[in-house]
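Asks: My questions will all concern the structure given below.
Derivation of every value follows stated rules applied to the coordinates shown; laboratory data play no part. On a predicted model such as this, the values are computed, not experimentally measured, just so you know. Here Cβ is always computed from backbone atoms with ideal geometry, including for glycine, and neighbour counts include all displayed protein chains.
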Amino acid sequence: MSSINYDLRKIRGFIFDVDGVLSKDVIPLHPNGDPMRTVNIKDGYALQLAVKKGYQVAIITGGYTDSVKMRFERLGVKYIYMRSSVKMKDYTDFMNRTGLKPEEVLYAGDDIPDYEVMKLVGLPVAPADAASEIKDISLYISSKNGGEGIARDVIEQTMKTQGTWLTGEAFGW
């Protein structure tokens, strides 16, 4: 049973911000100045399973490091937008390339750069520690903080609703 007040049977695509959503919003800096992000293993499992099950998955982030790109490529994510200074442009590209309708898309964001896109999608989602402006426009606020399993939370609820969670290739990486 889902705690999300949206018809999850409509969802065909997931878009995630990275900093503050798929990683914590406090980031240690490497001595060379590059940010070092954490990732949640259960998020990774859910992301790769969603890809295998045919969902369209995208990452739209203002940041850029090779390690972030490599992580999501290894999980099978096809649409990775980095250095996204205006997320609307990358959202539009994703929608055009996939043919999805806004009501078929879940977007998880945590701060002002996500705001415009979140106003357009069917299911805007925020982590528990998101900015208040983002929480105000979200249809679902996860009990999880950024970097602590929000992707797993929403993907699992969606796939369980659609009957695709514990089937087929669910039992392997």
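Asks: Mind giving me the FRET efficiency for Arg83 and His30? R0 is 22 Å, r the Cβ-Cβ distance, nearest 0.05 is fine. It would help to have the intermediate numbers written out before the result.
Replies: Numbers: r = 18 Å, r/R0 = 0.82.
Efficiency for this residue pair is about 0.75.
Asks: Can you give me the span-like helices of the chain, meaning DSSP H runs with 15 Å or more of Cα extent along the axis and Kyte-Doolittle mean at or above 0.0? Don't skip to the answer; put the middle values down first.
Replies: Details: long enough: 41-52 (17 Å, 0.28); 87-98 (16 Å, -1.58); 150-162 (18 Å, -0.53).
Those that pass (Cα extent of 15 Å or more, hydropathy at least 0.0) are 41-52.
Asks: How about region 112-149: which trypsin sites (Lys or Arg not before Pro) there lie in a loop by DSSP and see at most 13 other Cβ atoms within 10 Å? Working shown, then result.
Replies: Values: sites: Lys119, Lys135, Lys144; in loops: Lys119, Lys144.
Those satisfying the criteria are Lys119.
Asks: Oh, and also: If Lys and Arg each add +1 and Asp and Glu each add -1, what is the summed charge of the other residues whose beta carbon sits under 12 Å from the beta carbon of Glu104?
Replies: Neighbourhood net charge equals +2.
Asks: Using amide H atoms built in the peptide plane, which far-off residues or other-chain residues are under 5 Å from Tyr107 H to H?
Replies: Ile15, Leu123, Val125
Asks: Let me make sure I get this right: for region 79-121, a, b and c are the square roots of the gyration tensor eigenvalues over alpha carbons, sorted descending. Under 1.5 in a/c it's rounded, otherwise prolate if a/b > b/c, else oblate. Which is it? All intermediate terms of the calculation are to be shown ahead of the outcome.
Replies: Details: a/c = 2.00, a/b = 1.20, b/c = 1.66.
Here region 79-121 falls in the oblate category.
Asks: OK, next. Indicate, rounded to the nearest 5 percent, the antiparallel portion of the DSSP beta bridges found entirely in the chain. Before the final figure, lay out the partial values.
Replies: Values: 1 of 18 bridges.
The antiparallel proportion sits near 5 percent.
Asks: With volume of the Cα convex hull per residue in Å³ in mind, check (i) 103; (ii) 406; (iii) 120 and report the label derived from this structure.
Replies: Identified label for the calculated read-out: (i).
Asks: What value, in deg cm²/dmol to 500, does the helix sum -39500 (n - 2.57) over DSSP H runs of n ≥ 4 give at 222 nm once divided by the residues of the chain? Please report the intermediate quantities before stating the final value.
Replies: Details: 6 runs with 56 residues, N = 173.
Taking each H run of at least 4 residues, the total per residue is -9500 deg cm²/dmol.
Asks: Once each part is reduced to its C-alpha centroid, what is the distance from region 10-69 to region 89-162 in angstrom?
Replies: A separation of 13 Å, based on Cα centres.
Asks: OK, next. List the lysines whose Cα lies under 22 Å from the Cα of Lys52, skipping any in the same chain that are fewer than 8 positions away.
Replies: Within reach: Lys10, Lys42, Lys69, Lys78, Lys101, Lys160.
Asks: Sticking with this structure for a sec: Looking at the square roots a ≥ b ≥ c of the eigenvalues of the Cα gyration tensor of region 43-132, which shape do they give, rounded for a/c under 1.5, prolate if a/b is larger than b/c, or oblate? Display every interim value, and only then the final one.
Replies: Details: a/c = 1.35, a/b = 1.16, b/c = 1.16.
Taking the square roots of the gyration eigenvalues as a ≥ b ≥ c, region 43-132 is rounded.
Asks: Using a Förster distance of 35 angstrom, determine the FRET efficiency expected from the C-beta separation of Leu120 and Leu166, and round it to 0.05.
Replies: Approximately 0.65, to the nearest 0.05.
Asks: Considering amide H positions built from the backbone, and no H for Pro or chain starts, which residues 5 or more places from Gly147, or on another chain, come under 5 Å of its amide H?
Replies: Close amide H contacts, sequence-distant or interchain: Val21, Leu22, Ser23.
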